[in-house]
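This report concerns only the one structure given below.
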Amino acid sequence: MTVRETFDIALPAFVGGAKKHLIGGQWVDSQSGERIEVINPATGEAIGQIARGTVADVDSAVAAARRAFEGEWSRWTPHQRRKLLLKVHDVLLDNFGELAVIETLDMGAPLLRTRGLKEWTSQVLQFYASQTNAATIESAPNSLPGNFMTLKHRAPVGVVGGIIPWNGPLIGQWWIFGPALATGCTAVVKPAEDASLSILRTAELMLEAGVPEGVINVVTGYGREAGQALAEHGDVDRIAFTGSYQTAQSVIRASAGNIKRLQLELGGKSPDIVFADADLDKAVPGAAMGVYTNSGQVCVAGTRIFVQRAIQDEFVERMKAFTSTIRVGNGLAPDTQLGPLISQRQLDRVMHYIDLGGQEGARLSGGGKRLGGKLASGFFVEPTFFDDVSNDMTIAREEIFGPVASIIPFDDIEDALRLANDTAYGLAGGVWTQNLSTAHKASRAIKAGTVWVNCYGVLDPAIGFGGTRMSGYGWKGSREHVEGFLSPKAVYINLD
Ligand code: NAD
């Protein structure tokens with residue numbers, strides 16, 4: 001591992017000062033007047049403030065979203081919405097350099113990653129632009145006696161509440177804004193308190209691109225205040241939530257009042273299985289970055305690396321060599337690969353799990369320390385891996401959400417699959433092998449929403465992804481996601 005500390009980059013004027021909520025097309029302070037400090041996780045320094053939204057702010061945002069939903073927006077044609085999405089696409093891409101720097105300052109991910117999201121954002125927006133005809137009316141043949149015409153409408157569900165985590169707001173927002181704009185819904189988004197700036201700037205750009213007042217609204221603040229108020233709100237029709245399963249349980253309870261529809265994208269403890277016949281030149285960097293990308297703050301991180309016993313020693317040696325090449329540091333340095341964790345709280349959590357791994361008998365074979373020197377004021381942890389982990393140790397069972405991998409040896413495919421599926425989660429998994437039959441058997445057997453073979457973490461918005469078991473339900477991306485923002489309705493017309 002090498003350390004990157006210096007950079008030379010112009011900081012966007014948007015960063016700094018006190019940000020407001022976007023409600024009904026206007027930028028407004030919290031009704032309480034309270035604010036939350038924004039911390040740059042690479043330095044620990046305050047770089048501005050966001051508004052601390054509460055029930056009153058959520059009420060007015062939901063009212064604005066409802067007015068917009070019932071108003072002129074409901075008469076926009078699919079063609080108009082498609083043009084709008086494509087205009088949003090162009091405006092965002094023109095400003096993507098600025099958005100990437102804002103994201104890096106706000107949540108720490110390096111510019112290498114945030115700038116790289118430009119192409120991905122383009123694909124996502126193009127995909128949702130292609131979906132604006134989803135709200136259709138079909139005339140369906142029926143088997144009724146008599147002379148009936150049957151129509152099946154698909155109408156937008158209404159006001160959608162979006163609750164987003166801090167690990168990738170530039171990505172996460174599109175799983176709400178994209179289908180909402182495509183279908184004619186309206187949205188109130190509550191970003192994570194630790195990373196709201198890139199969403200606020202995106203919202204500003206969306207207004208510039210012509211998104212009508214009230215169609216998208218952003219209320220910043222804490223989960224237990226603004227998030228809870230959104231999940232409970234009687235006039236929100238659907239909640240699209242991404243975050244931990246513990247918070248999801250609270251969202252499920254809060255949503256019961258008006259039986260909201262839910263989309264829950266939660267955490268994981270994903271298995272990544274490396275068979276002895278794998279091409280290790282690809283499998284080692286692939287499996288390592290399957291954990292370390294975004295400093296391990298990725299829901300699909302393949303944190304349990306199952307390695308066939310015959311290659312365990314070689315795999316560990318290669319992991320050591322690979323992690324020594326990773327460049328960690330301030331994400332504003334253009335070649336930094338891994339930035340800091342999001343907060344002091346997350347740093348404490350990750351260090352706690354690293355201590356626990358040692359206490360439970362796993363062998364620390366790489367990393368394990370917080371970075372000091374010029375990075376001491378930020379929340380940096382070395383890329384870390386434990387060897388000889390057993391699948392029942394806490395570090396192999398609980399989601400750490402940091403750059404910590406567990407290498408777990410296995411004997412044969414049955415052993416690997418039994419261990420891989422011995423988890424409460426079901427978000428993703430990986431398989432590294434050159435044997436086609438092993439690849440098919442393993443990818444069929446892994447209980448997860450996505451399985452990657454000889455790669456890890458690639459995502460096509462037209463295919464989408466989602467979880468099973470404690471990783472939640474609902475599907476992000478693809479036609480299936482768009483359908484979730486629509487409500488079917490049958491109309492029977494007696495023609496006699
Ligand atoms: P979190 O659950 O603590 O917070 C997520 C969001 O929920 C934040 O905006 C937070 O303010 C809000 N929130 C907190 N308490 C709330 C409450 N009582 N009611 C309503 N909203 C509330 O999660 P986090 O720590 O920010 O993010 C990490 C988690 O997110 C991990 O478990 C990770 O795996 C998961 N995640 C999943 C996906 C996916 O698509 N499956 C993607 C990214 C992250």
Which ones in the stretch 28-44 are in a loop (DSSP other than H, G, I, E, B), closer than 21 Å to LYS190 by Cβ and of a type outside the set (Gly, Ala, Ser)?
ASP29, GLN31, GLU34, PRO41
Tell me which residues, restricted to the stretch 148-165, are open to solvent by 10 Å² or more (accessible area, probe 1.4 Å), away from the ligand (no atom under 11 Å from the Cβ), more than 13 Å from GLN131 (Cβ to Cβ) and in contact with a Cys (Cβ under 9 Å, 6 or more places away or on another chain).
VAL157
Return the pairs, sorted by first residue and then second, in which the second residue is surrounded by 18 or more Cβ atoms within 10 Å (Cβ to Cβ), the first residue lies in the stretch 64-87 and is outside any helix (DSSP H, G or I), the beta carbons are less than 7 Å apart, and the residues are 6+ apart or on different chains.
TRP76/GLY184
Criterion first (touching a residue at least 12 places away in the same chain (Cβ under 8 Å), surrounded by 22 or more Cβ atoms within 10 Å (Cβ to Cβ) and not aromatic (Phe, Trp, Tyr)) does ALA209 satisfy it?
no
Considering the stretch 375-391 alone, what residues qualify as being crowded, with 22+ Cβ neighbours inside 10 Å and not in a loop (DSSP other than H, G, I, E, B)?
VAL381, THR384, PHE385, PHE386, ASP387
From GLY168, GLY172, GLY178, grab the single residue that is under 23 Å from GLY71 (Cα atoms) and open to solvent by less than 40 Å² (accessible area, probe 1.4 Å).
GLY178
So if I check each of ALA462, ALA424, which one is within 16 Å of the ligand (Cβ to nearest atom) and open to solvent by 40 Å² or more (accessible area, probe 1.4 Å)?
ALA424
If we scan the stretch 39-52, do we find a residue that is surrounded by 15 or more Cβ atoms within 10 Å (Cβ to Cβ), touching a His at 6+ places or on another chain (Cβ under 6 Å) and in contact (Cβ under 8 Å) with a residue 60 or more places away in the chain?
yes
How many of the residues in the stretch 218-235 are open to solvent by less than 30 Å² (accessible area, probe 1.4 Å) and away from the ligand (no atom under 15 Å from the Cβ)?
0
Here are GLY368, GLY358, GLY372: which of them is open to solvent by 30 Å² or more (accessible area, probe 1.4 Å) and in contact with a strand residue (DSSP E or B) (Cβ under 8 Å, 6 or more places away or on another chain)?
GLY358
Being over 17 Å from ALA276 (Cα atoms) and either open to solvent by less than 10 Å² (accessible area, probe 1.4 Å) or assigned to a strand (DSSP E or B) (or both) is the filter here, so list the residues in the stretch 392-421 that pass it.
ILE395, ALA396, ILE400, GLY402, PRO403, VAL404, ALA405, SER406
Against the condition of a type in the set (Val, Ile, Thr), more than 14 Å from the ligand (Cβ to nearest atom) and not assigned by TED's automatic domain parsing to the domain that holds LYS441, how does VAL453 come out, does it pass?
no
What single numbered condition from (1) hydroxyl-bearing (Ser, Thr, Tyr); (2) near the ligand (Cβ under 8 Å from one of its atoms); (3) surrounded by fewer than 22 Cβ atoms within 10 Å (Cβ to Cβ) fails to hold for SER143?
(2)
Criterion violated by GLN346 - all others in (1) outside any helix (DSSP H, G or I); (2) within 25 Å of PRO12 (Cβ to Cβ) satisfied:
(1)
I'm trying to understand the selection: among the residues of the stretch 278-299, which are over 21 Å from SER324 (Cα atoms), within 16 Å of the ligand (Cβ to nearest atom) and open to solvent by less than 20 Å² (accessible area, probe 1.4 Å)?
none
Scanning the stretch 242-277 residue by residue, the ones that are more than 7 Å from the ligand (Cβ to nearest atom), under 25 Å from SER487 (Cβ atoms) and in a strand (DSSP E or B) total 4
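Can you pull out every residue in the stretch 293-315 that is under 30 Å from the mean Cα position of the chain (by Cα), of a type in the set (A, V, I, L, M) and not in a loop (DSSP other than H, G, I, E, B)?
ILE305, VAL307
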The lone exception for THR202 - which of (1) open to solvent by 10 Å² or more (accessible area, probe 1.4 Å); (2) assigned to a helix (DSSP H, G or I); (3) among the polar types (S, T, N, Q) it fails:
(1)
Output for the stretch 1-27, where each listed residue is modelled with pLDDT of 90 or more and assigned to a loop (DSSP other than H, G, I, E, B)
PRO12, ALA13, PHE14, VAL15, GLY16, GLY17, LYS19, LYS20, GLY24, GLY25
Considering ARG349, ARG363, ARG345, which residue is within 16 Å of the ligand (Cβ to nearest atom) and touching a residue at least 12 places away in the same chain (Cβ under 8 Å)?
ARG349
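The values are calculated or read from the model by the stated rules, or taken from the named source; none is laboratory data. Bear in mind that the values here come from a model prediction, so they are computed numbers and not experimental data. In this analysis, Cβ positions are derived from the backbone assuming ideal geometry, glycine residues included, and neighbour counts consider all displayed protein chains. For accessibility, only protein heavy atoms count, side chains too; no ligands or nucleic acids. Shrake-Rupley method; radii C 1.70, N 1.55, O 1.52, S 1.80 Å.
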